[in-house]
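Reviewing the structure listed below.
The values are calculated or read from the model by the stated rules, or taken from the named source; none is laboratory data. None of the values given here were measured: they were computed from a predicted structure. Cβ: placed from backbone, ideal geometry, glycine included. Neighbour counts: every protein chain shown.
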Amino acid sequence: MAGRVGRLPAPPGPFRPEFWRSPIRGPWLTSVFGLVLLIGIPLLFVTGLLSYASYNPGLSPFNDETPDKGILGFYLFSWPTQPYWLYRLLQGVHVTLGVVLVPVLLAKLWSVIPKLFEWLPVRSVAHGLERLSLLMLVGGVIFEFVTGILNIQLYYVFPGSFYRLHFYGAWVFIAAFVVHVSLRLGRMTRALRSRSLGAELRTGLAHTLPEPPDPDGLVPVSSAAPTMTRRGALGMVGAGSLLLLVVTAGQSIGGRLRATALLAPHNRNPGSGPNAFQINKTAAAVGVTPQLVGTDWRLEIHGRGPGLVLTREQLLAMLQHTAALPIACVEGWSTEDQHWSGLRLADLAALAGMPDAGSVLVESVQPPGPFTKVVLRGNQIRDPRSLLALRVNGADLSLDHGYPARVIVPANPGVNNTKWVGRLTFRA
Ligand SMILES: Nc1nc2c(c(=O)[nH]1)N[C@H]1C(S)=C(S)[C@@H](COP(=O)(O)O)O[C@H]1N2
Ligand SMILES: [Mo]
């Protein structure tokens, strides 16, 4: 049976080996791109897992968009508050690296595309399994890059939560990645040794010849005349990555470079004044009306004993502290350190009769929706830089930055620094 099926002729077009004619396609070029991804993808995976841990997802269903994570949450730990710029760096690296790797990923996929049209599609059980793992690999990597980029570009077109999709997708992809690397590492190192990078970078068009035939069928059986050298292909991909780096990294580095972040969807130039730094969601966008945060606003504090209800004036009359901390968003952008002042969460915990609180539920007056509730952990409450901020950079918080009061905690992901806070409930 198998023999007879094996003689089925390939349909015309990309299923025939003669269709693929680029003389530079071959194991060496594939392996160069592969090597870059072999370094970059584990870094993306680790920074991504840490980014997930930073939400303290094990602490409360309010923090977690993936309650069914099960054993995938095995590595979770209490997120530290030191160094205070930890999340800023982590998420900046995750997002910037992901963007910068796009040209390399596309080049790698281009270099192996004849394999997609392999004829016959399935030759045996083993071959079928291998193709299935490649489907998971390629499908997984495309899924992770597309969901990540859509999210940082604020296209919330996901069926369900981005976190859930990106998190589960990462595990499916990394499983296929590990299988792929263990099967191909030997072939990759051999291919890399087969040519010298230095020599390749000195080779002009006239001497650009195909690699010797390879068992994977990447090298064309009937090659066209070269239109680009391997040096040209590497240069084009490298220049693409460099360009993406230059128009992305400024959103996480800040300072003068912020203006260069042309791909950043968030206000590159937030104006001037104490409250002139990036805003994620404006008050108007999430339905926080001036009435909700006007003179009728009160802060409720619960803990042991009867709750407290305080006006903003009463809060301002208490002992104020200052901390210089950035806002760093999951989307990769972050602000420079801002000088926040207000009440220490630790002082408020003591006021609530719970100086050793293990957690605090923070609730916004914002109408119910995403990011309106979060639970912070004991170590975050106790850090002296963790504040319920009333003012920033010497001025009252602006409405868009969370007036009358917002949470700011060192190394905390932006999304857990709740704005327009109305109630704090300290718990054992
Ligand atoms: N109540 C409330 N708090 C919130 C949000 C929100 O939508 N609602 N957005 C969060 C997110 S995702 C970020 S990154 C920060 C941004 O703070 P900023 O707008 O002051 O820069 O606020 C966080 N706090
Ligand atoms: Mo955010």
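Cβ separations smaller than 6 Å between residues 6+ apart or across chains give the following pairs from the range 129-157 residues that are farther than 24 Å from G332 by Cβ to residues that are in a helix (DSSP H, G or I): S133/A176; S133/V179; M136/A176; L137/A176; L137/H180.
Given the options L316, L308, name the one that is more than 25 Å from H339 (Cα to Cα) and in the same structural domain as A349 (by TED's automatic domain parsing).
Exactly one of L316, L308 is more than 25 Å from H339 (Cα to Cα) and in the same structural domain as A349 (by TED's automatic domain parsing), namely L308.
Residue-by-condition table, conditions (1) away from ligand 1 (no atom under 13 Å from the Cβ); (2) farther than 30 Å from V362 by Cα; (3) modelled with pLDDT of 95 or more; (4) assigned to a helix (DSSP H, G or I):
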| site | (1), (2), (3), (4) |
| --- | --- |
| R256 | yes, yes, no, yes |
| H266 | no, no, no, no |
| P270 | no, no, no, no |
| N280 | no, no, no, no |
| V288 | no, no, yes, no |
| L292 | no, no, yes, no |
| D296 | yes, no, yes, no |
| I301 | yes, no, yes, no |
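Is it true that some residue in the range 402-420 is more than 28 Å from Y163 (Cα to Cα) and more than 13 Å from ligand 1 (Cβ to nearest atom)? Scanning the range 402-420 turns up no residue that is more than 28 Å from Y163 (Cα to Cα) and more than 13 Å from ligand 1 (Cβ to nearest atom). Only one of P80, P42 is touching a helix residue (DSSP H, G or I) at 6+ places or on another chain (Cβ under 9 Å), part of a loop (DSSP other than H, G, I, E, B) and in the same structural domain as R231 (by TED's automatic domain parsing); which? It is P80.
Residue pairs whose Cβ atoms lie under 6 Å apart, sitting 6 or more positions apart in sequence or on different chains, and linking a residue in the range 81-102 that is polar (S, T, N, Q) to a partner that is assigned to a helix (DSSP H, G or I) and modelled with pLDDT of 95 or more, are T81/Q380; Q91/S51.
Being at pLDDT 95 or above, assigned to a strand (DSSP E or B) and away from ligand 1 (no atom under 13 Å from the Cβ) is true for just one of L390, L376. Which residue is that?
Numbers: L376 fails: away from ligand 1 (no atom under 13 Å from the Cβ).
Result of the check over L390, L376: L390.
For the range 309-344, residues that are more than 11 Å from ligand 1 (Cβ to nearest atom) and either assigned to a strand (DSSP E or B) or of a type in the set (D, E, K, R) (or both) total 16.
Just checking, does the range 87-99 include any residue being within 18 Å of the chain's Cα centre (by Cα), surrounded by 17 or more Cβ atoms within 10 Å (Cβ to Cβ), among the polar types (S, T, N, Q) and at pLDDT 95 or above? Steps first, please.
Taking the range 87-99 first, the residues within 18 Å of the chain's Cα centre (by Cα) are 87-99.
Pick out the ones that are also surrounded by 17 or more Cβ atoms within 10 Å (Cβ to Cβ) and you get 87-88, 90-99.
Among the residues that remain, those that are also among the polar types (S, T, N, Q) are: 91, 96.
This time we only want the ones that are at pLDDT 95 or above, so: 91, 96.
Yes, that holds for at least one residue.
Taking the criterion of being in contact (Cβ under 8 Å) with a residue 60 or more places away in the chain, among the β-branched types (V, I, T) and in contact with a helix residue (DSSP H, G or I) (Cβ under 9 Å, 6 or more places away or on another chain), the residues of the range 258-315 that qualify are I279, T282, V288, V293, I301.
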